[in-house]
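Okay, so here's the structure we're looking at.
The values are calculated or read from the model by the stated rules, or taken from the named source; none is laboratory data. This one's a predicted model, so the numbers in the text were calculated from it and none came from an experiment. Don't worry about glycine lacking a Cβ; one is built from the backbone with ideal geometry, like all the others, and counts go over all protein chains shown. Note: areas computed on protein heavy atoms with side chains; ligands, DNA, RNA excluded. Shrake-Rupley method; radii C 1.70, N 1.55, O 1.52, S 1.80 Å.
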Number of protein chains: 2
Amino acid sequence: MILHTLHLLGGYSRPGQLQRSIPGLSKKMMTQTLRELEGKGLINRHIHQIMPPNVEYSLTALGKVFVEPIEQLYFWGIDHADALEALATNERLTCTAQNPLEVAE
Amino acid sequence: MILHTLHLLGGYSRPGQLQRSIPGLSKKMMTQTLRELEGKGLINRHIHQIMPPNVEYSLTALGKVFVEPIEQLYFWGIDHADALEALATNERLTCTAQNPLEVAE
DNA sequence: CGGGATCCACTATGATACTG
DNA sequence: CAGTATCATAGTGGATCCCG
């Protein structure tokens with residue numbers, strides 16, 4: 001979801017905007033995931049200023065490769081919203097957070 | 001992975017074969033997942049005999065819809081094996097079980 | 001063989017408070 | 001604002017034993 005959102009926002013974003021774009025995402029999980037993605041080489045972390053903190057995350061070349069199939073999945077979800085609703089019965093497979101098929105802001 | 005394997009096996013399979021086809025999968029997780037998929041209407045459960053137990057799971061029409069994007073993901077993984085290996089550093093995002101890109105048997 | 005039940009160690013994650 | 005640290009707790013999944 002973070003990769004997808006980052007991609008939707010043009011390939012880069014600040015943490016605040018990122019978190020506001022994914023409603024159910026807690027600060028802890030976001031930071032943790034950003035660290036993982038950074039560790040994997042999927043995103044870059046740019047520090048512009050220290051005070052006030054001004055950080056920007058951006059997709060790396062490798063990150064853009066991984067965004068491709070994710071975008072296809074999101075597109076598929078849009079095209080098959082009916083199939084997704086057909087699973088509403090059992091909650092265990094569905095995502096509790098709102099899927100950011102469309103990202104605010 | 002179960003949907004993918006079920007699809008690779010022709011759309012139906014018995015539990016034993018299914019579990020043997022996905023090495024890291026425990027009996028508990030397999031049964032649990034099969035129950036969820038059945039509850040969602042993605043697979044059917046057919047009991048042929050009680051003694052000895054002879055059960056067969058098969059993809060439903062809805063299940064076949066969900067197999068599509070999964071297959072695309074697997075194909076993507078095959079085409080981009082190099083990108084996947086590039087993440088080997090950090091383990092937290094990688095799957096512990098062996099990915100059944102190719103299913104035995 | 002298929003699968004249910006139980007126990008238990010481990011993990012994940014939200015909440016909260018704190019730092020610079 | 002960006003990020004860390006700590007805690008409490010719910011969830012996860014393997015191991016094991018059992019049944020028909």
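Numbers below:
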quantity	calculated
Rel. contact order, % - alpha carbon contacts under 8 angstrom, at least six apart, region B:1-85	30 percent
Within 10 Å of each Cβ in A:66-74, the average number of Cβ atoms from other chains	3
Heavy atoms of B:HIS46: accessible area, 1.4 Å probe, square angstrom to 10	80 Å²
Closest-to-axis residue of chain A (Cβ criterion, axis taking A to B), whole Å	A:GLN72, 3
Averaged over B:25-38, number of beta-carbon atoms from partner chains that fall within 10 Å	1
Accessible surface buried upon A-B contact (total; probe 1.4 Å; Å², nearest 100)	2100 Å²
Relative packing of A:57-66, B:49-58, which averages over residues the other C-beta atoms within 10 Å, highest first	A:57-66, B:49-58
Distances in nm from B:PHE75 to the matching label points in the other copies, shortest first (labels 7 Å along Cα to Cβ)	1.2
Accessible area of A:ARG14 in the full protein assembly, 1.4 Å probe (Å², nearest 10)	100 Å²
Within straight-line cross-link reach of A:LYS28, lysines at Cα separation under 19 Å, skipping those fewer than 8 residues along the same chain	A:LYS40
Shortest-first distances to equivalent copies, position B:PRO23, nm, label 7 Å out along Cβ	4.2
